[in-house]
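Undergrad: Handing you this structure, nothing more for now.
The values are calculated or read from the model by the stated rules, or taken from the named source; none is laboratory data. What you see is a predicted model, and the numbers here were worked out from it, not measured in a lab. Every residue, glycine among them, receives a Cβ derived from its backbone with ideal geometry; neighbour counts consider all protein chains shown.
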Amino acid sequence: MPVDRFSIIESTLREGEQFVNAFFTTEQKSQLARMLDDFGVEYLELTSPMASPRSRDDCAAIARLGLKARILTHTRCHIDDARVAVETGVDGVDVVIGTSSQLRRFSHGRTIDQIIGIASEVIPFLRESGVEVRFSTEDSLRSSWEDLFRVYEAVDAMGVDRVGVADTVGIGSPRQIYDLVSQLRARVKADIEFHGHNDSGCAIANAFAALEGGATHIDTSVLGIGERNGITSLGGLIARMYVTNPESVRKYNLPLLRTIDQTVAEWVDVDVPFNNYITGFSAFTHKAGIHAKAVLNDPTTYEALRPEDFGLTRYVHIAHRLTGWNAVKSRAEQLGLSLDDAQVRELTRKIKALADCQAMTLDHVDHLLREAAVPQAAT
Ligand code: HCA
Ligand code: CU
């Protein structure tokens, strides 16, 4: 399956609002909607208008912004919710109902036949209202595949635009997701969406496996925020797709990612993690002497992602005991200091010796370089 034709359903304003620290104001919601629209995501998914009066008003307001992205809202698979969703003026409605035995028993208490019965009331109503319709099975990974396929085939015959697979508790492995999605691909005409939680660290890999299996749409949130530890992150999916085929993400305004990540991090009162995809502070920092030397010769030696494509720069870290003389020489050149190779080698020895006894800063190294260069500059 070609994995590089995919659409992003950006759910920071729905799944992301379920993150413990998220309290988005109306103003912040439209600001983020505009930023994500400028970035180029194809869809924005918003919290159900049934959640609260503010949620309903905000949903209607974002639907009226006139963005390029299609605006979706997310509701339980219930006719009353579907009516309210349509009234907000959104382009599409994502309905969801649990199919695992856990959710059927402890959440809504319905059988598979009853689920199909409810869907056959909600889906035709939504289609007649002229909105895009997505039907998803919550907790797909703990549902029997037989049940899942029965439900998906039934809703496909009702004419849904997309069916959704949801790894609600983050237990799927890439191989399982690939198997499930590729079997589903052979059974339905509709597009396939994947929504994956990250409880066991597979959210990005699972999204990719879903695309390999024939999925067309991936749910993301900024920094991956959501229930518990969240879902596939927007930046993580972009990084994954970029290394697969950089052309597949050229449609997005990649340099905006940093502002988007930083803005949301600030609003939800967390730091952008140091190891975050693309925008983490060490994402383009090279340290070991061997790496630094090669990167200075040709960055592709140790970089799968070009920082320039994201409006970012690489940094070669030299103030430490693993440094090498090529990196020190490059720093001296950056500072405009004239030092010969023998001096650079001597300085490198000194930096390594000092760094073996104490933590060093770049300032300290710069000072040593300048000190060594001064007498020569004076002659
Ligand atoms: C939820 C559950 C959900 C829905 C996903 C979907 C999940 O919080 O409502 O609609 O595909 O993880 O199952 O986010
Ligand atoms: Cu979810």
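Undergrad: Run residue 88 past the list (1) away from ligand 1 (no atom under 14 Å from the Cβ); (2) within 24 Å of residue 228 (Cα to Cα) and report the number of the one that doesn't hold.
TA: Of (1) away from ligand 1 (no atom under 14 Å from the Cβ); (2) within 24 Å of residue 228 (Cα to Cα), only one is false for residue 88: (2).
Undergrad: Another question, then. Among the residues of the stretch 155-181, how many are crowded, with 20+ Cβ neighbours inside 10 Å and not acidic (Asp, Glu)?
TA: 14
Undergrad: From 98, 89, grab the single residue that is over 26 Å from the mean Cα position of the chain (by Cα), in the same structural domain as residue 179 (by TED's automatic domain parsing) and in contact (Cβ under 8 Å) with a residue 24 or more places away in the chain. Don't jump to the end; show me each part of the working.
TA: Values: 98 fails: over 26 Å from the mean Cα position of the chain (by Cα).
Answer to the check: 89.
Undergrad: I'd like the residue in the stretch 198-231 that is charged (D, E, K, R), part of a loop (DSSP other than H, G, I, E, B) and touching a His at 6+ places or on another chain (Cβ under 9 Å) and, out of all such residues, is surrounded by the fewest Cβ atoms within 10 Å (Cβ to Cβ). Outline the logic, then answer.
TA: Initially, the stretch 198-231 is screened for residues charged (D, E, K, R), giving 199, 212, 219, 227-228.
Applying the additional criterion that residues be part of a loop (DSSP other than H, G, I, E, B) yields 199, 227-228.
Those left that are additionally touching a His at 6+ places or on another chain (Cβ under 9 Å): 227-228.
On the way: 227: 16, 228: 13.
My answer is 228.
Undergrad: Out of all the residues in the stretch 1-40, which are away from ligand 1 (no atom under 16 Å from the Cβ), touching a Ser or Thr at 6+ places or on another chain (Cβ under 7 Å) and of a type in the set (D, E, K, R)?
TA: Answer for the stretch 1-40, where residues must be away from ligand 1 (no atom under 16 Å from the Cβ), touching a Ser or Thr at 6+ places or on another chain (Cβ under 7 Å) and of a type in the set (D, E, K, R): just 4.
Undergrad: Looking only at the stretch 177-232, which residues are of a type in the set (Phe, Trp, Tyr), over 12 Å from the mean Cα position of the chain (by Cα) and more than 11 Å from ligand 1 (Cβ to nearest atom)? Don't jump to the end; show me each part of the working.
TA: The first filter runs over the stretch 177-232 and keeps only residues of a type in the set (Phe, Trp, Tyr), leaving 178, 194, 208.
Narrowing further to those that are over 12 Å from the mean Cα position of the chain (by Cα): 178, 194.
Result: 178, single match.
Undergrad: Please state which one of 118, 123, 112 is crowded, with 19+ Cβ neighbours inside 10 Å and among the aliphatic types (A, V, I, L, M).
TA: Working: 118 fails: crowded, with 19+ Cβ neighbours inside 10 Å; 112 fails: crowded, with 19+ Cβ neighbours inside 10 Å.
From the options 118, 123, 112, the qualifying one is 123.
Undergrad: When the stretch 54-85 is examined, which residues are found to be touching a helix residue (DSSP H, G or I) at 6+ places or on another chain (Cβ under 6 Å) and among the polar types (S, T, N, Q)?
TA: Residues satisfying the conditions are 73, 75.
Undergrad: Could you identify the single residue in 240, 162, 185 that is more than 21 Å from residue 17 (Cβ to Cβ) and within 16 Å of ligand 2 (Cβ to nearest atom)?
TA: Step by step, each of 240, 162, 185 is checked, and only 162 is more than 21 Å from residue 17 (Cβ to Cβ) and within 16 Å of ligand 2 (Cβ to nearest atom).
Undergrad: Still on this structure, I have one more. Checking the condition of a type in the set (Gly, Ala, Ser) and either in contact with a Phe, Trp or Tyr (Cβ under 6 Å, 6 or more places away or on another chain) or closer than 22 Å to residue 359 by Cβ (or both), which residue from 319, 304 passes?
TA: Criteria check complete, one pass: 319.
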